[in-house]
Amino acid sequence: MIANRGCVTLRNICLAMLQVSFLTFAAQAKKPHIMALTPPTPEQTALLERAIANEKVMEKELQKRIPMVQTYIQNVKPDADLATVPVSDKYILSRVDFDKSFEADGYRERSKGLLQGSRGALNYLSKALGLSAEYVPTGFMDMMFIDAANFDRQHYEFGFVRNDFLGTVHTQVFDVLPKEKNSSGRFTGRIWIEDQDGAVVRVNGIFSGNAHLDRPRYFHFDSWRVNLQPGIWLPAEIYVEETHGNRLDDQPDLRAQTSFWGYSLKLPSHEAENTAIQIDNVTDNSDQSQDVSPLQAKRAWVAQAEANVLDRLVQAGILAPPSDFDKVLEAVTNNLIIGNNLQLPDPVHCRVLLTAPLESLAVGNTILLSRGLIDVLPYEEDLAAVLSFQLAHITLGHHIDTRYAFNDRLLFPDEVTFQRITMNHSLSDDSVAAKKAIEFLNKSVYHDHLANAGLFFAQLQSRSRQLKALTTPRIGDSLLSADGTPWLADLTKAAPKLDVGNLEQVAALPLGSHLKVDPWDDKVLQLNAKPLALLTARDKMPFEVTPILFRLTRYADPALAAAPATTGAGPTITAQTAATGANTRTVHSQQ
């Protein structure tokens, strides 16, 4: 388990994503005595043996996959009113070809390293984080596993804890300790084994190796796996938290979430270029006219560029395929269109970017909002505000660059999608669109509740300096102008002053509050969780990373089963069309 400092490893890459703050630990006290484990019964031992074998199966299954891996990190410090507040953040998104990432038969000893196709990403991360060769961190790859090289009964002791349900999945819980107490990189913690296939579905603990280091090599983590295909459980989310209550310095604590999706994504035929784009579900929308006017041709040209870009983003694992949640976004958009009596030549559609940074963009007549942006919006009027900004761009004719109507411009590797597809508008276009968006909102069914939207933008502005990674767009438009002022800052004028202690005032939600993503096919699903009342200001957690709790279910054929159970907890966004005459404001209480 001791890392080879001379080689580039995926575990080095991925914990580099988590090692944002350089924490200096005080001299650590001697480890406390660990209570004796309860020996497993013969039946429990048999289950453990199945779990050990299944770890190797999971490694082989991962080698077939090229998922998206997103890590968002926040460094936090204590706060008298909110318990903790973020002071800085870091965001990393990459697509990992696991076939070239590791060798299942002892990847740690391989001198070639773990991720041949991502050396550039490692170099970028190392430079961005200021990591020297002496302190190259290790351990994140281990967070996907328990111990990919030596997870067996020869190297570990197991103690039965209890039976437990994680959602509808019955599990048996075991404590795990390394037999060699002084070994580095050995797992210490707890695992949950589902008792049907014998797969480990949750791993909670830390790897040994920090005791004599000035800087930590491993962090505490909680890793969750989901049943994506029959008999196949793969990593879905990893939560990392490292606090230092006894520290003598003033360094921040660390919280991070890593998400995996796109397990069904396919590799292009050549690494240097991508495969041709296929546009599915194409219908004939032509009328009976035999000829096409110049204006029709221009609009068709824009639509061709739009279709090319949307399909390319789906192919790269950045844009979710069409989903039922799109209809929620479109209902809110239609409220704006109807309220302003807009006569648009084509319907406006909405889609969800799968990424965390807060951004929006318009691709032709399609509005894209990032998952992270949707997650942090407390009210429907907040959603209407961010949609109005892109609706304004559409009505003002600020279309996507039509160079993407040429398919060859989109033939590039997935990992450079953010560099090759840029669709943000100019500052002058954003300024004009912001004014138009305010007009749309004032004439909409949301006009009586815009103070809530103003609170959101006030909260965003107050946290923007600390959360630069979260508020920096990767592909579209920022919510903030160059000086950090929200484009829709006019909404804040009618909003009350931010009041941390007022539990009736919820300006922004934590990440993960509305949506979840199917890690297999990238579909977005709305959370269906019980709303909980706020008890203190500490329950607000605006824009913050929080722990993960999955309610697991076993795989079921989508054609025969209902939607999967939810992960974590979060409010539900709903929308009514203006034609109903109903109050469209939806209040979302925190979890």
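Report the net charge of residues surrounding L427, where surrounding means a beta-carbon distance below 13 angstrom and charges are Lys +1, Arg +1, Asp -1, Glu -1. Walk me through the numbers before you get to the answer.
Details: positive: none; negative: D429, D430, D477, D483.
The answer is -4.
Computed extension length for D483-L396: 28.9 nm, one decimal, from 0.36 nm per residue of separation with the Cα-Cα distance subtracted.
The trypsin sites (Lys or Arg not before Pro) found in segment 478-557 that occupy coil by DSSP, while having at most 11 further C-beta atoms within 10 Å, are K497.
Lys and Arg at +1, Asp and Glu at -1: add these up for the other residues within a Cβ distance under 14 Å of D164 and post the number.
Numbers: positive: R162, R190, R202, R551; negative: D175, E194, D195.
That sum, taken over residues with Cβ under 14 Å, equals +1.
For the pair T38 and K77, label points projected 7 Å from Cα toward Cβ lie 4.5 nm apart. Each residue of segment 310-319 was assigned a 3J(HN,Hα) from its phi angle through the Karplus curve 6.51 cos²θ - 1.76 cosθ + 1.60 (θ = phi - 60°); the sequence is 4, 5, 5, 5, 5, 4, 7, x, 9, 10 Hz, with glycine and proline shown as x. The string of couplings for segment 506-522 from the Karplus curve (6.51, -1.76, 1.60, θ = phi - 60°) is 10, 8, 7, 9, x, 4, x, 7, 10, 10, 10, 10, 6, x, 7, 10, 6 Hz, one whole number per residue in order, with x for Gly and Pro. Near A356: Cβ cut-off under 15 Å, other residues only, Lys/Arg at +1 and Asp/Glu at -1. The net charge is +1. Put simply, the amide H of S88, placed in the peptide plane, has neighbours under 5 Å in N75, leaving out anything fewer than 5 places away on its chain.
Using R0 = 35 Å, the C-beta based FRET efficiency linking R50 and T243 works out to 0.50. Less than 5 angstrom separates the built amide H of E157 from those of L177, K179, all sequence-distant by 5 or more or on a different chain.
If you average 1/r over all unlike Cα pairs in segment 144-214 and invert the result, what Kirkwood radius do you get in angstrom?
Details: mean 1/r = 0.0774 Å⁻¹.
One decimal place: 12.9 Å for the Kirkwood radius.
Computed from the alpha carbon atoms alone, the convex hull of segment 422-531 holds 160 Å³ per residue. Per-residue 3J(HN,Hα) values for segment 341-347, derived from phi via the Karplus relation 6.51 cos²θ - 1.76 cosθ + 1.60 with θ = phi - 60°, read 6, 7, 9, 9, x, 9, x Hz in sequence order (x marks Gly and Pro).
Where a number appears in this text, it was derived from the coordinates with a stated rule and is not lab data. Note that the structure is a prediction, hence the values are computed from the model and not measured. Positions of Cβ are backbone-derived with ideal geometry, glycine not excepted, and every protein chain shown enters the neighbour counts.
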